[in-house]
Amino acid sequence: MKTIIDIANLKKDYHVGEVTVHALRGVDLKINEGEFVAIMGASGSGKSTMLNIIGCLDRPTDGTYLLDNVNVAGMSKNERAAIRNLKIGFVFQSYNLLSRTSALENVELPLMYNRSVSSRERREKAIAALEAVGLADRMNHMPNQLSGGQQQRVAIARSLVNDPVVILADEATGNLDTRTSYEIMSLFQELNNKGKTIVFVTHEPDIAKCMTRSVVFRDGSIIREEDVKNRLNAAEVLRTLPVEQD
Amino acid sequence: MNPGNLLKIAIKALKRNKMRSFLTMLGIIIGVASVITMLAIGQGSKKSIQDQIAGMGSNMLFVMPGNMRMGGVQQGSSSSQRLTVADVKAIKTECDAIVAVSPEVRSSGQAVSGNSNWPTTIYGGNEQYLEIRSWDVVSGRNITDTEAESSAKVCLVGRTVADELFGEGIDPTGETIRFQSIPFKIIGVLSKKGQNSFGQDQDDVIIAPYTTVQKRILAQTHIQSIQMSARSAEESELAQSQVEEVLRRTHKLRENEDNDFEVRSQEELATTMTSVTEILTILLGAIAGISLLVGGIGIMNIMYVSVTERTREIGLRMSVGGRSIDILLQFLIESILLSVFGGLIGIVIGFGASAIVEALTSWPISVMWSSVILAFAVCTVIGIFFGWYPARRAADLDPIDALRFE
């Protein structure tokens with residue numbers, strides 16, 4: 001099986017004044033194609049730093065990081081921007097949609113920064129991504145005309161549009177109620193079943209149970225790494241949840 | 001990102017805050033409009049002075065009696081009697097850069113015709129006098145040199161004199177008027193010249209042969225000044241030095257003696273007069289320029305606000321693959337759009353304001369294309385200059401911090 005993320009002895013230090021903070025102390029992590037990995041841990045455990053480095057937003061102090069067999073650890077700011085554009089999709093806790101910009105245009109955004117995609121191709125791919133998240137009928141809605149769950153779906157469509165090798169979700173259900181959370185998880189499971197590799201940062205154990213593997217961080221190191229037993233099917237959980245009265 | 005998309009994003013961002021964009025542009029609009037209007041006013045007043053000086057004569061030079069010493073006592077120039085008809089003749093034969101020369105004598109007095117009378121000035125000259133002063137005869141004919149030699153009692157009248165003595169618009173050619181009891185036959189009427197830049201009515205004149213004025217009115221042998229035309233404007237300096245040389249000789253001045261006359265050219269007069277308006281133009285332009293600068297600072301301020309407001313947007317754009325240069329250009333294009341669009345409106349208003357000033361003052365105000373191009377270029381530069389730092393700040397943001405920005 002193809003290895004998408006191959007991290008070895010990864011270290012990240014921050015210098016705050018004269019104090020050096022070791023955010024990551026030599027982490028080894030391999031993620032294969034088709035995995036759905038939960039990254040868990042308390043605040044300050046290093047999981048956000050890990051996600052930033054995996055997402056090429058930040059660069060490690062030391063260690064190697066191969067993303068899709070390309071060493072990205074030593075890349076410059078612009079090279080990392082290009083990598084993010086082509087190989088990574090982000091889903092944030094607070095959606096981060098552009099306000100007063102239609103769902104369709106929001107989804108088109110990553111392709112705007114890829115000059116090899118024509119405007120027609122861009123539109124077609126964005127429509128396909130919105131269809132994949134079940135929002136084909138809301139394409140021209142503005143973010144403020146959509147519910148939280150729908151906004152997160154637009155964000156997921158945006159993360160899919162460039163056909164990335166990995167989708168990185170940072171507390172993607174953190175702002176949502178339980179029911180909507182499972183709806184979103186159901187969508188992620190659906191994408192995973194189609195072969196998408198997903199790395200999902202969360203601190204909710206129930207949510208983590210929807211994934212295939214969990215990695216737990218503490219003090220900058222991985223303290224536990226295990227396959228999820230009794231994996232939850234989010235769609236089934238949804239059926240058992242009481243439907244809210246309107 | 002390609003430039004077309006960047007432009008679309010910038011336009012969209014400006015449209016989102018219409019009022020704010022307009023107020024920001026207002027600084028540039030006022031700045032550009034005032035620069036254009038001020039330069040147009042400056043240029044207009046300069047042109048009006050130049051026109052008037054050009055109307056005085058064609059490449060004119062004139063000699064006036066200068067200060068002189070008599071036994072250690074400085075004498076006023078008006079008391080000088082050093083200029084003579086002989087000087088005129090010497091200039092005529094010796095100075096090849098001079099194409100026309102005439103003596104000038106003048107006297108003030110009362111002109112009388114029938115039961116009307118009018119206080120005016122009589123000027124004496126020769127046949128070339130009108131040519132030198134760029135004056136045309138609209139009816140009748142010019143004075144001839146024969147008449148000048150024979151002290152003929154003929155004259156040309158200015159439009160004002162004709163109007164006052166004979167009635168509005170009447171052609172008095174062939175009539176006789178008296179000036180200080182001397183009868184003059186009117187042989188022609190001068191074209192209208194209007195007021196000069198000092199507010200004097202240039203049509204309030206009578207022109208007669210200089211000999212007639214000298215002998216019959218003033219009873220003097222000297223002349224008050226010499227009027228000349230140089231061959232061309234370029235040769236006026238050469239003509240000036242030639243005249244000076246000739247007059248120093250005819251006046252028998254020794255090496256160490258100062259000139260007892262002064263040679264002035266129309267060019268010199270024009271330069272002196274226009275230098276004042278030029279200083280004024282620079283001053284007005286500079287003040288207007290400062291308002292343009294203030295407008296630019298307004299843009300910078302708003303761009304900083306905009307960058308701060310949109311920090312999360314910047315973070316998002318970076319996280320989906322926007323490079324620093326994309327972010328830089330996005331904000332730079334926005335500020336250039338603000339300043340250039342403001343500049344365009346300012347140019348239109350500048351044209352309007354210039355037209356209004358022209359209507360109010362009747363100066364020949366013309367908006368210089370150079371100032372329009374300058375204003376436009378300055379606006380673009382302002383947009384880049386004042387947009388650069390806010391855009392740079394946006395581009396230098398760290399995507400992680402930007403995404404977390406509250």
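The values are calculated or read from the model by the stated rules, or taken from the named source; none is laboratory data. Owing to the predicted nature of the structure, the values given are computational and were not obtained by experimental measurement. Here the Cβ positions follow ideal geometry from the backbone for every residue, glycine too, while neighbour counts run over all protein chains shown. Note: areas computed on protein heavy atoms with side chains; ligands, DNA, RNA excluded. Shrake-Rupley method; radii C 1.70, N 1.55, O 1.52, S 1.80 Å.
Selection of the stretch A:107-141 for residues being in contact with a helix residue (DSSP H, G or I) (Cβ under 8 Å, 6 or more places away or on another chain), within 14 Å of chain B (Cβ to nearest Cβ) and not in a helix (DSSP H, G or I) yields A:TYR113, A:ASN114, A:VAL117. Cβ-Cβ contacts under 6 Å between residues 6 or more apart (or on different chains), taken from a first residue in the stretch B:159-178 that is more than 17 Å from B:LYS193 (Cβ to Cβ) to a second residue that is assigned to a loop (DSSP other than H, G, I, E, B), are listed as B:PHE166/B:PRO172.
Scanning the stretch B:361-373 for residues that are in contact (Cβ under 8 Å) with a residue 24 or more places away in the chain and either surrounded by 15 or more Cβ atoms within 10 Å (Cβ to Cβ) or of a type in the set (A, V, I, L, M) (or both) yields a total of 6.
Taking the stretch B:254-313 as the search range and keeping residues that are open to solvent by less than 40 Å² (accessible area, probe 1.4 Å) and in contact with a strand residue (DSSP E or B) (Cβ under 9 Å, 6 or more places away or on another chain), which one is modelled with the lowest pLDDT? My answer is B:GLN266. Screening B:ASN142, B:ASN117 for residues that are within 23 Å of B:GLY55 (Cα to Cα) and not hydrophobic (A, V, I, L, M, F, W, C) leaves exactly one candidate, B:ASN142.
For (1) in contact with a helix residue (DSSP H, G or I) (Cβ under 9 Å, 6 or more places away or on another chain); (2) buried (at least 21 other Cβ atoms within 10 Å of the Cβ); (3) modelled with pLDDT under 75, each residue gets a yes or a no:
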| residue | (1), (2), (3) |
| --- | --- |
| B:ALA13 | yes, no, no |
| B:ARG16 | no, no, no |
| B:ARG20 | yes, no, no |
| B:ILE36 | yes, yes, no |
| B:ALA40 | yes, yes, no |
| B:LYS46 | yes, yes, no |
| B:ILE49 | yes, no, no |
| B:GLN52 | yes, no, no |
| B:GLN75 | no, no, yes |
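Candidates in the stretch A:52-88 are the residues that are among the basic types (Lys, Arg) and buried (at least 21 other Cβ atoms within 10 Å of the Cβ); of these, the one that is farthest from the other protein chains (Cβ to nearest Cβ) is A:ARG80. Scanning the stretch A:188-207 for residues that are surrounded by 23 or more Cβ atoms within 10 Å (Cβ to Cβ), modelled with pLDDT under 95 and part of a helix (DSSP H, G or I) yields a single hit, A:ILE207. For the stretch B:386-406, residues that are among the charged types (D, E, K, R) and either over 21 Å from A:LEU97 (Cα atoms) or crowded, with 18+ Cβ neighbours inside 10 Å (or both) total 3.
Got at least one residue in the stretch A:40-51 being within 13 Å of chain B (Cβ to nearest Cβ), in a loop (DSSP other than H, G, I, E, B) and in contact (Cβ under 8 Å) with a residue 12 or more places away in the chain? Within the stretch A:40-51, not a single residue is within 13 Å of chain B (Cβ to nearest Cβ), in a loop (DSSP other than H, G, I, E, B) and in contact (Cβ under 8 Å) with a residue 12 or more places away in the chain.
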